[in-house]
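Enquirer: First, the structure itself, so that you have it in front of you.
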Amino acid sequence: GERNPAATHLHGRMRVPIHVAGGGPAGLLTALMLARNPELDVVVHERATTPDSWTSRSFTINLVDCGQAALARAGVLELVREAGMEREHLERHHADGTVDVISWPGISHTRPTIAAALRSALLSEGLARIEYGSAIEAVQPAADGVGLKCVLSDGSVVYSSHVVGCDGKWSRVRDSVAATAGWEPTLESAPSWGVLIHAEELPGWAHPRRSHSFEPDRAYAGSTLGILIPRPDNSGGALGMLALFEPVLELEPALTPPDSPMGEVCAWPHGLAAGAGAHDAY
């Protein structure tokens with residue numbers, strides 16, 4: 001039969017196997033903290049074949065107090081801060097043309113930039129492995145009753161004492177565990193896709209140290225259409241990192257991302273460089 005290291009470790013012959021699903025910020029930070037325990041053998045499984053790059057599933061991330069506290073506990077806050085950009089306020093743009101400015105201090109990142117910083121920290125310590133092109137598709141109780149059996153995207157099987165599902169909104173781990181346990185997971189409002197905008201310069205309203213949210217008209221009360229984080233880029237131009245939510249499709253169907261393979265950058269039909277931009281779209 002298949003060898004189950006989750007059972008073997010109970011007899012003291014090897015370290016405890018832990019498998020982390022997802023090589024994004026959550027998975028990498030989890031692996032970093034777990035791998036510092038010498039009794040654990042930590043492996044990160046990332047579906048993408050190369051280190052994190054921008055896709056339509058990438059979002060802007062604004063690290064506020066709780067996120068910074070977690071990074072500080074892991075000893076990587078300053079590393080992540082250097083790769084990001086300090087934010088001071090959030091501008092809430094309403095459909096009636098009014099703008100509210102509220103205090104929202106944090107460190108802005110794209111998902112790829114924060115993942116790169118955490119990946120650097122994890123690999124520099126040499127305590128965990130990252131397997132690219134490998135995803136956990138299903139998690140089941142092991143036949144011998146010890147630990148978990150994980151089916152990977154290539155059809156192979158690994159065994160684990162524990163599996164940590166950090167594979168995001170579309171989590172296969174969550175769905176697999178829910179099916180085994182007989183419950184149905186629910187998802188609260190969360191960004192549905194991300195857009196990376198390249199522009200020659202920031203428009204006048206896009207303050208580089210502020211984030212911008214776009215609120216729908218009162219018929220959609222309580223929903224946010226999108227959050228834009230503008231920042232200068234290294235070439236003297238500008239980047240706009242935009243996270244969009246489902247309600248935006250009712251107002252702007254053209255913003256639906258194309259059905260494209262993971263790794264392809266999602267095109268933005270109105271783009272800041274074209275002069276329309278997210279601000280005018282709403």
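Enquirer: May I ask you to list the residues in the range 83-99 that are within 22 Å of Ser120 (Cβ to Cβ) and free of Cβ contacts under 8 Å to residues at least 24 places away in the same chain?
Expert: Of everything in the range 83-99, nothing turns out to be within 22 Å of Ser120 (Cβ to Cβ) and free of Cβ contacts under 8 Å to residues at least 24 places away in the same chain.
Enquirer: Name the residues in the range 89-116 that are within 21 Å of the chain's Cα centre (by Cα) and either surrounded by fewer than 22 Cβ atoms within 10 Å (Cβ to Cβ) or of a type in the set (Asp, Glu) (or both), would you?
Expert: Once the filter is applied, which keeps residues that are within 21 Å of the chain's Cα centre (by Cα) and either surrounded by fewer than 22 Cβ atoms within 10 Å (Cβ to Cβ) or of a type in the set (Asp, Glu) (or both), the range 89-116 yields Leu90, Trp104, Pro105, Gly106, Ile107, Pro112, Thr113, Ala116.
Enquirer: What do you reckon, is Ala135 of a type in the set (A, V, I, L, M), in contact with a helix residue (DSSP H, G or I) (Cβ under 9 Å, 6 or more places away or on another chain) and within 16 Å of Gly27 (Cα to Cα)?
Expert: Considered against the rule, which asks whether it is of a type in the set (A, V, I, L, M), in contact with a helix residue (DSSP H, G or I) (Cβ under 9 Å, 6 or more places away or on another chain) and within 16 Å of Gly27 (Cα to Cα), Ala135 comes out as yes.
Enquirer: While we're on this one: Report, by residue number, each residue of the range 71-84 that is modelled with pLDDT of 90 or more, assigned to a helix (DSSP H, G or I) and surrounded by 15 or more Cβ atoms within 10 Å (Cβ to Cβ).
Expert: Leu71, Leu77, Leu79, Val80, Arg81
Enquirer: Quick check on my filter: what residues within the range 17-44 are touching a Pro at 6+ places or on another chain (Cβ under 9 Å), under 15 Å from Val158 (Cβ atoms) and touching a residue at least 40 places away in the same chain (Cβ under 8 Å)?
Expert: Pro17, Val42, Val43
Enquirer: Take the residues in the range 8-62 that are assigned to a loop (DSSP other than H, G, I, E, B) and acidic (Asp, Glu), then tell me which one is modelled with the highest pLDDT.
Expert: Filtering the range 8-62 for residues that are assigned to a loop (DSSP other than H, G, I, E, B) and acidic (Asp, Glu), the one modelled with the highest pLDDT comes out as Glu39.
The values are calculated or read from the model by the stated rules, or taken from the named source; none is laboratory data. Small disclaimer: the values here were computed from a predicted structure and weren't measured. Cβ: placed from backbone, ideal geometry, glycine included. Neighbour counts: every protein chain shown.
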